[in-house]
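The structure appears right after this line, and notes come after that.
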Amino acid sequence: TSFGKEPVLIREGGSIPIIQDMKEILGSDSLMLGLALPDCQIHAPNENFAVENFECGILMSQALLKELAKA
């Protein structure tokens, strides 16, 4: 795995209204992947994101695209 651990499914609140529009137009569900950790302070004045998480996110995206290509 890209982060050295198995992925965890976490369902969180929040909404991105365009996702429903995309589903209606494309006829397909979306996959949203969050890479921020709780200590990233999302939307706070001291919001941060570790470069290591960004780099692992690139590897994760690469692995996901390889798996999707097999489907």
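The values are calculated or read from the model by the stated rules, or taken from the named source; none is laboratory data. Predicted model, so just to flag it, every value in this text is computed and none were measured. Heads up, the Cβs are rebuilt from the backbone with ideal geometry, glycines too, and the neighbour counts pull from every protein chain shown.
Listed values, structure above:
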{"item": "Considering residues of the stretch 1-15 that are of a type in the set (Val, Ile, Thr) and loosely packed, with under 10 Cβ neighbours inside 10 Å only, the residue farthest from residue 60 (Cα to Cα)", "result": "10"}
{"item": "Any hit, the stretch 42-54, residues being touching an Asp or Glu at 6+ places or on another chain (Cβ under 6 Å) and without any contact (Cβ under 8 Å) to a residue 12 or more places away in the chain", "result": "no"}
{"item": "Any hit, the stretch 58-66, residues being closer than 21 Å to residue 4 by Cβ and assigned to a loop (DSSP other than H, G, I, E, B)", "result": "no"}
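Here's the yes/no breakdown for (1) surrounded by 12 or more Cβ atoms within 10 Å (Cβ to Cβ); (2) modelled with pLDDT of 90 or more; (3) over 14 Å from the mean Cα position of the chain (by Cα); (4) aromatic (Phe, Trp, Tyr):
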site	(1), (2), (3), (4)
28	no, yes, yes, no
35	yes, no, no, no
45	no, yes, yes, no
57	yes, yes, no, no
64	yes, yes, no, no
